[in-house]
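Here, each number is a calculation from the coordinates, and none is a lab measurement. The structure presented is a predicted model; accordingly, all values stated were derived computationally and were not measured. Here the Cβ positions follow ideal geometry from the backbone for every residue, glycine too, while neighbour counts run over all protein chains shown.
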Amino acid sequence: MGLLKQKNVQQELPGFVVLNSKRLMLAPVSRAFAEDIFKEFTADITRYMRPKPAGSIDETCMFIDASREKMSTGDQLVMAILDADTVQFSGVCAIHGKEQGIAAELGIWLKKSAQGKNLGREAIALLVQWAKYNLALSHLVYSVDKNNIPSRKIAESLGGIVVSEGQQKSQSGKHLNELVYQIDIPVEFEI
């Protein structure tokens, strides 16, 4: 992670946004995080999610490369969640589907050791705040499994309301009881 140990991360990532809060820095996902993502995006982490863990580091790199390509065209924002002081990797968050112009979908996952510290809410709040000032959308959507109480609390803390629910099948073959929250923009909250 030599690239991110430097003082000015944004200068090293021209054309991509870096978002900061008191505890977090959201930096564009890159191959610098490939090992962390591959190691931490486990079956346990994905139990309430549509995607499944990568079977190899090459699959993780393909995900990163595809994400960066879509970011370069403005279609999504996929960010590594980092500790603002230590630059330690904590997870990934994203806004997907910006190109649709109606609504975009928020997503997040945190490694096991980063859970339970309100980092997920802080990261999603940063993305919502960025969307408020940079996207012409009336709202964002945030899909979560009904049993994923911590993720539901993130959406609800940002004023999200359930607008639909249904069954989804994950890439791992699990059935998810999905709730879709709508988070209106503009939304006022504190990070």
Tell me the label-point distance for the pair R23, S113, using the 7 Å Cα-to-Cβ offset, in nm and rounded to one decimal. 1.6 nm
Hey, which aspartates and glutamates would be in cross-link range of K169, C-alpha to C-alpha under 18 Å, not counting anything within fewer than 8 residues on its own chain? D44, E105, D145, E178
Calculated from backbone phi, Karplus (6.51, -1.76, 1.60) coupling profile of segment 143-158 in Hz, x at Gly/Pro: 8, 9, 6, 3, 7, 8, 4, x, 5, 4, 5, 4, 4, 5, 5, 9
If you look at just the Cα atoms of segment 44-114, how large are its Rg and its Dmax in Å? 13.2, 37
Amide H neighbours of I185 at under 5 Å, excluding residues fewer than 5 places away on the same chain, with H built from the backbone geometry, are H139, L140
What number in nm² do you get for segment 98-182 if you take the convex hull of its Cα atoms and divide its surface by four? 6.1 nm²
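Exceeding 20 Å between C-alpha atoms, which entries from my cross-link table qualify? They are K52/K132; K70/K153; K52/K174; K70/K111. Please list the in-between numbers first.
Numbers: K52/K132 30 Å; K70/K153 29 Å; K52/K174 10 Å; K70/K111 24 Å.
With Cα atoms farther than 20 Å apart: K52/K132; K70/K153; K70/K111.
Stretched out fully, how many nm does the piece from A136 to H175 gain, at 0.36 nm a residue minus the Cα gap?
Numbers: separation 39, 0.36 × 39 = 14.04 nm, distance 3.34 nm.
This chain segment gains 10.7 nm when fully extended.
Multiply the residue gap between D65 and R50 by 0.36 nm, knock off their C-alpha separation, and tell me the result in nm, one decimal place. Before the final figure, lay out each step's value.
Numbers: separation 15, 0.36 × 15 = 5.40 nm, distance 1.97 nm.
Here the segment from D65 to R50 would lengthen by 3.4 nm.
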Between K153 and A43, what FRET efficiency follows from the Cβ-Cβ distance if R0 is 25 Å, with the result rounded to 0.05? 0.65
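Mind checking the dipole of segment 2-136: about its Cα centre, +1 per Lys or Arg Cβ, -1 per Asp or Glu Cβ, Debye to the nearest 20?
Numbers: 17 positive and 15 negative charges, 89 e Å.
Charge dipole, segment 2-136, about its Cα centre: 420 debye, nearest 20.
With viscosity set to 0.692 mPa s and temperature to 37 °C, compute the Stokes-Einstein D of the chain, Rh being the Kirkwood radius across alpha carbon pairs; µm²/s, no decimals.
Numbers: Rh = 16.8 Å.
It comes out at roughly 195 µm²/s.
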Apply the Karplus curve 6.51 cos²θ - 1.76 cosθ + 1.60, θ = phi - 60°, to the phi angles in segment 132-139 and return the couplings in whole Hz, x for Gly and Pro. 4, 9, 10, 10, 8, 10, 8, 7
Amide H within-cut-off set for Q88, under 5 Å, with H built and near neighbours excluded: D83
